[in-house]
Amino acid sequence: MASCPICGDAFDTKHGMKIHASRSHDTSLAGETTECDTCREEITRQQYEIDEYDNHFCSDECETEWREERYSGEQNPNYDRVTLTCEHCKEEFDVAQHREETARFCSDGCQADFQSENRAGSEAPAWEGGLATLTCDLCGNEYDVYPARADESRFCSFDCLGSAREATMVGENNPSWSGGAVSLECEYCGDEYDVTPAKARSSRFCSPECLGAHHRKVRSGSDSPTWRGGYESYYGPNWREKRRQVLIRDQARCQDCGKTDQQSLQQHGASLEIHHQTPFREFRNDDEVNYQAANRLENLITLGKTCRLSRESRR
């Protein structure tokens with residue numbers, strides 16, 4: 001049995017009493033009250049913590065402060081220093097005992113100065129006899145290189161290297177030489193033009209302008225690979241009303257990309273269009289057209305120009 005110290009209610013277990021105190025009285029009865037060893041403020045700790053640890057702290061900062069007072073410098077149980085003399089500045093300095101055999105300098109600066117004075121040039125462990133002096137194959141000037149590059153270096157600078165290649169590796173002297181340019185005649189304008197051998201079999205026109213002009217001439221209308229029979233200029237007497245109804249239904253937006261008429265004009269230079277999902281020509285029987293079926297609302301949809309062309313290309 002356990003009784004609540006606040007209201008006196010009895011509980012079967014101490015755990016149940018603590019839950020009651022927390023929920024009913026907004027008071028925590030967990031653990032025991034003790035003092036922070038640094039600032040002496042009251043703190044609550046679990047009983048096992050009080051039994052197991054000799055020192056208790058209210059925060060990491062208090063624990064750090066307590067340890068610095070008792071475990072820094074010579075007060076640290078592991079404190080064991082050895083005094084040495086710096087090989088460069090001759091000043092004495094202290095190091096941990098385990099570094100007695102390896103420490104030689106009191107600072108990184110002294111180590112760097114010592115190495116600059118005593119391990120440069122022929123004193124350096126990597127010394128291979130110093131720089132080698134060569135003569136540039138192009139300009140004739142002398143220049144220095146590391147011994148490792150002496151057998152392969154030929155030029156004193158990238159400028160000389162580039163100039164030498166321009167003079168000796170062009171045309172037939174180039175390792176990639178394939179016989180030079182091939183002269184062809186443009187199929188549209190008749191002018192001669194040069195191409196690389198790799199393009200000689202596929203090239204037909206001297207410029208994109210000639211290619212475009214050729215396509216406009218021979219691949220338009222019924223000669224186009226994407227020709228589907230052309231467009232009807234008249235969609236029946238009910239077309240205007242059906243078009244208006246579709247625009248209202250689709251809220252005057254492209255049903256594929258969501259653009260408004262104004263956005264379509266700005267980005268593509270064309271207004272929204274009312275598109276027959278099943279082409280109007282499919283409803284023609286000889287000279288008769290079933291425009292009532294072709295212009296059913298379920299067969300009509302609002303699209304921008306690019307979205308309409310994309311749909312037609314997939315048919």
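Structure notes:
- Residue check, LEU138 at pLDDT 90 or above, surrounded by 10 or more Cβ atoms within 10 Å (Cβ to Cβ), in contact with a Ser or Thr (Cβ under 7 Å, 6 or more places away or on another chain) and part of a loop (DSSP other than H, G, I, E, B): yes
- Members of the stretch 1-18 found to be in contact (Cβ under 8 Å) with a residue 12 or more places away in the chain and aliphatic (A, V, I, L, M), listed by number: ALA2, ILE6, MET17
- Qualifying position, being at pLDDT 85 or above, loosely packed, with under 15 Cβ neighbours inside 10 Å, of a type outside the set (A, V, I, L, M, F, W, C) and under 30 Å from SER3 (Cβ atoms), among GLU87, GLU35: GLU35
- Here ALA103 does not qualify as under 30 Å from ALA148 (Cα atoms) and aliphatic (A, V, I, L, M).
Okay, residues lined up against (1) closer than 30 Å to CYS110 by Cβ; (2) in contact with a Lys or Arg (Cβ under 9 Å, 6 or more places away or on another chain); (3) among the basic types (Lys, Arg):
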site	(1), (2), (3)
THR13	no, no, no
SER24	no, no, no
GLU42	no, no, no
GLU52	no, no, no
CYS58	no, no, no
ARG70	no, no, yes
TYR79	yes, no, no
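- Elements of type helices (runs of 4 or more DSSP H) contained in the stretch 227-315, each with 1 or more residues being in contact (Cβ under 8 Å) with a residue 40 or more places away in the chain and loosely packed, with under 14 Cβ neighbours inside 10 Å: 239-249, 291-294, 305-313
- Scope the stretch 171-193; condition among the aromatic types (Phe, Trp, Tyr) and either in contact with a Pro (Cβ under 9 Å, 6 or more places away or on another chain) or exposed (fewer than 14 other Cβ atoms within 10 Å of the Cβ) (or both); matching residues: TRP177
- Residue check, VAL218 closer than 30 Å to GLU312 by Cβ and among the β-branched types (Val, Ile, Thr): yes
- Within the stretch 131-163, tally of residues that are without any contact (Cβ under 8 Å) to a residue 12 or more places away in the chain and touching an Asp or Glu at 6+ places or on another chain (Cβ under 9 Å): 2
- Residue satisfying condition, being more than 30 Å from GLU128 (Cβ to Cβ), assigned to a helix (DSSP H, G or I) and of a type outside the set (S, T, N, Q), within set ALA198, ALA164: ALA198
- Just one of the listed residues (ALA198, ALA112) is assigned by TED's automatic domain parsing to the domain that holds THR85 and either closer than 30 Å to HIS88 by Cα or not aromatic (Phe, Trp, Tyr) (or both), namely ALA112.
- Of all residues in the stretch 126-135 being in a loop (DSSP other than H, G, I, E, B) and touching a Pro at 6+ places or on another chain (Cβ under 7 Å), the one that is modelled with the lowest pLDDT: GLU128
- Looking at THR196, THR133, THR168, just one residue is surrounded by fewer than 13 Cβ atoms within 10 Å (Cβ to Cβ), under 30 Å from ALA213 (Cβ atoms) and among the β-branched types (Val, Ile, Thr), and that residue is THR196.
The values are calculated or read from the model by the stated rules, or taken from the named source; none is laboratory data. What you see is a predicted model; the values in this text were computed from it and never measured. Please note: Cβ atoms are built from the backbone with ideal geometry, for glycine as well, and neighbour counts cover all protein chains shown.
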